[in-house]
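Novice: I am attaching a structure below and will ask some questions about it afterwards.
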Amino acid sequence: MNSFANLVPPSGSFASFLNGWFFSLGGAFWILALVMVCIALVSYLTKQLTIGGALSSLLVGFGTTWVLGFGALFSLMLFFIAAGVLGVIGRGRKAKETSKIQKKGGCRDSMQVFANGGMALLCALLYALSPSMITLVMFGTAIAEAASDTFAGEVGILSKSKPVSIITGKPMAPGLSGAVSTLGSVAGLLGSFLVALCWLGNFLPLSGKNIAYASVITLGGFAGCLFDSILGATVQAHYFDEKSDLLTEHRYLHGKQLPLARGIHWVDNDMVNLISNIFGAILSGALALVIG
């Protein structure tokens, strides 16, 4: 029997019921591993993930689910499925608008998976070492921030109005880090809220205090998304491509190295995502500590 998943107090949810049943099975470890391998394989075959991304998602998915149970799996799946659907919807326009600006496309690699899921895995492991509401809230926020950033980016690119810099308010090219739009911001808030709602429904019984924890996750996830934009507009590396007269995340284009236009060389989009994810989780952890 897996004692880790049962560290999460029963909440009466479907996920809680599955935890009590599934993790009492003798072969639970191998069954879960097989399910995760199948999910990773399908993600790779449908070009949602590279081979490295699939292996990384296998580690994140299995690790968090084995420790926190099906509530963790359902929260991660909500993010992953929604991100995939939004990516397909906006793929045509996004490819046209951002191919010369953004370094990576829709097929996520291992660095992208760890930038968005590494903090969630760490929080799950911290919960296993010392179960507390703070680390459970931080876990939910790590996923909420990743969802918020993904929703904002995938939906924001569809905005008919030109995005503006989160720092200066001046118009920017769609897809450029640090650019925000009303549509993207609303989508980002919605993404964070949906994950928080899923987290609440799977991990905790409904009560005023638990709703407050879910609100903290929504706030922390969206705050992390905004912090991502701030970092993108300030310290993230952008290079100037004279041929297209554009700022780009690509360090190399047209067979040559481009000059750094702003930011720090080693701070790429994956680093910004990771820092923002950690920021959102820590912020929510601090607020959860205040709630008690």
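Novice: Normalised by the residues of the chain, what does the relative contact order come to in percent, with Cα pairs under 8 Å and at least six apart?
Specialist: The normalised contact order for the chain reaches 20 percent.
Novice: Go through Ile291, Gly224, Ile134 and say which Cα lies farthest out towards the positive end of the charge dipole of the chain; charges sit on Cβ, +1 for Lys and Arg, -1 for Asp and Glu.
Specialist: Gly224
Novice: Also: Along its three principal axes, how long is segment 188-228 when you only count alpha carbons? Whole Å, largest extent first please.
Specialist: Extents along the principal axes, in whole Å: 32, 15, 12.
Novice: Can you tell me which of Ser130, Ser192, Ser181 moves the most in a GNM of the chain? Springs connect C-alpha atoms under 10 Å apart.
Specialist: It is Ser130.
Novice: Also: Name the residue, out of Ile166, Ile31, Ile143, whose mean-square fluctuation peaks in a Gaussian network model built on the chain with Cα pairs under 10 Å.
Specialist: Highest fluctuation among the options: Ile31.
Novice: Report the one residue of Phe70, Ala152, Leu194 whose Cα lies farthest in the direction of the positive end of the charge dipole of segment 5-291 (charges on C-beta: Lys and Arg +1, Asp and Glu -1; origin at the Cα centre).
Specialist: With unit charges placed on the Cβ atoms, the residue in question is Ala152.
Novice: Does segment 135-292 classify as rounded, prolate or oblate by the C-alpha gyration tensor (a ≥ b ≥ c root eigenvalues; a/c under 1.5 gives rounded; else a/b over b/c gives prolate, otherwise oblate)?
Specialist: The shape class here is prolate.
Novice: Mind checking which of Pro10, Asn269, Gly280 is farthest towards the positive end of the chain's charge dipole, using Cβ charges of +1 (Lys, Arg) and -1 (Asp, Glu) about the Cα centre?
Specialist: Asn269
Novice: Is segment 185-273 rounded, prolate or oblate when judged by the Cα gyration tensor, a ≥ b ≥ c being the square roots of its eigenvalues, rounded requiring a/c under 1.5 and prolate requiring a/b larger than b/c?
Specialist: prolate
Novice: Most mobile of Leu18, Leu189, Leu274 per a Gaussian network model of the chain (Cα springs, under 10 Å)?
Specialist: Among Leu18, Leu189, Leu274, the largest GNM mean-square fluctuation belongs to Leu18.
Novice: Quick one: dipole size for the chain, taken about the Cα centre, charges +1 on Lys/Arg Cβ and -1 on Asp/Glu Cβ, in debye to the nearest 20.
Specialist: Dipole of the chain, to the nearest 20 debye: 580 debye.
Novice: Using each residue's phi in segment 16-29, evaluate 6.51 cos²θ - 1.76 cosθ + 1.60 at θ = phi - 60° and report the 3J(HN,Hα) Karplus result to the nearest Hz, with x for Gly and Pro.
Specialist: 5, 4, 4, 4, x, 7, 5, 6, 8, 6, x, x, 4, 4
Novice: If each DSSP helix of 4+ residues adds -39,500 (n - 2.57) and the sum is divided by the residues in the chain, what number results at 222 nm, nearest 500 deg cm²/dmol?
Specialist: -22500 deg cm²/dmol
Novice: Where the eigenvalues come from the Cα gyration tensor of the chain, what are the semi-axes √(5λ) of the equivalent ellipsoid, largest first, in whole Å?
Specialist: Taking √(5λ) for each Cα gyration eigenvalue gives 34, 21, 16 Å.
No value in this document is a laboratory result; all are computed from the given coordinates. Source: prediction; values computed, not measured. Reconstructed Cβ throughout: ideal geometry from the backbone, glycine too, with neighbour counts over all protein chains shown.
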